[in-house]
Amino acid sequence: MDGFAVNVRCMDDRAQVSVRGELDIATAPTLSNCLERLCAEGCTRVVVDLEELAFIDSSGLNLLVRAYKQAQAEGGRLVIDRPSAHIRRVLEICGLWTLLTITEESSSHRASEP
C-alpha cells in the first residue's frame, strides 16, 4: 500500500469517500477538509469506505467521531463502510463500533442506499 489517498465519488446529495493508507495526525486534516467540503456542498449522506485503510491513530478516530456527530447535528448521515479486520478491532477496542454507523456493504449497494 503506497501513500495516503482520499477519493470522492458524488451523486446528488450523496458521496462515497474512499480512504487508503494511514489515517494519522499528518493525514487527518486532508480527510477532515474533504468531509467539511462535502458538507458545505450539501451532501447529506456520506459513506467513508475504509477497506484500504491500513492504520488509524487517535487523530483519525477523533476525526471520524467529530464528522459523524456533525453530520447528525445537521440532519445528515455519515456511515463508516468496510473497515478491515485490523481497523474493525481498533473501533471495537475504543468503543466506537457501537457509537458509529458501520456497515460492510459491497460497492454495488453503497451508491444507491438511501
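What percent do you get for the relative contact order of the chain when only Cα pairs under 8 Å and 6+ apart count?
Relative contact order of the chain: 25 percent.
How big, on average over all directions, is the shadow cast by the Cα convex hull of the stretch 1-62, in nm²?
Computed as one quarter of the Cα hull surface, the answer is 3.9 nm².
Would you mind working out the magnitude of the charge dipole of the stretch 5-107 relative to its Cα centre, with +1 at each Lys and Arg C-beta and -1 at each Asp and Glu C-beta, to the nearest 20 Debye?
Around 140 debye, computed over the stretch 5-107.
Given only helices, namely DSSP H runs of n ≥ 4 each adding -39500 (n - 2.57), what is the per-residue ellipticity at 222 nm of the chain, to the nearest 500 deg cm²/dmol?
My calculation for the chain gives -11000 deg cm²/dmol from helical runs alone.
Under 8 Å for C-alpha pairs, at least 6 residues apart: give me the relative contact order for the stretch 4-48, rounded to a whole percent.
Taking the mean separation of contacting Cα pairs over the length of the stretch 4-48, I get 47 percent.
Which of 70, 4, 53 sits farthest toward the positive end of the charge dipole of the chain, with +1 on the Cβ of Lys and Arg and -1 on the Cβ of Asp and Glu?
Farthest along the dipole direction, towards plus: 70.
Take every DSSP beta bridge with both residues inside the stretch 5-107 and express the antiparallel ones as a percent of the total, to the nearest 5.
Of all bridge pairs located within the stretch 5-107, approximately 30 percent are antiparallel.
Once the Cα gyration tensor of the chain is diagonalised, what are the square roots of 5 times its eigenvalues, in whole Å and ordered largest first, as equivalent ellipsoid semi-axes?
19, 15, 15
Throughout, read-outs are computed from the coordinates displayed, never taken from laboratory work. Keep in mind that what you see is a predicted model, and the values were worked out from it rather than measured. Ideal geometry is used to build each Cβ from the backbone, glycine not excepted, and the neighbour counts take in all protein chains shown.
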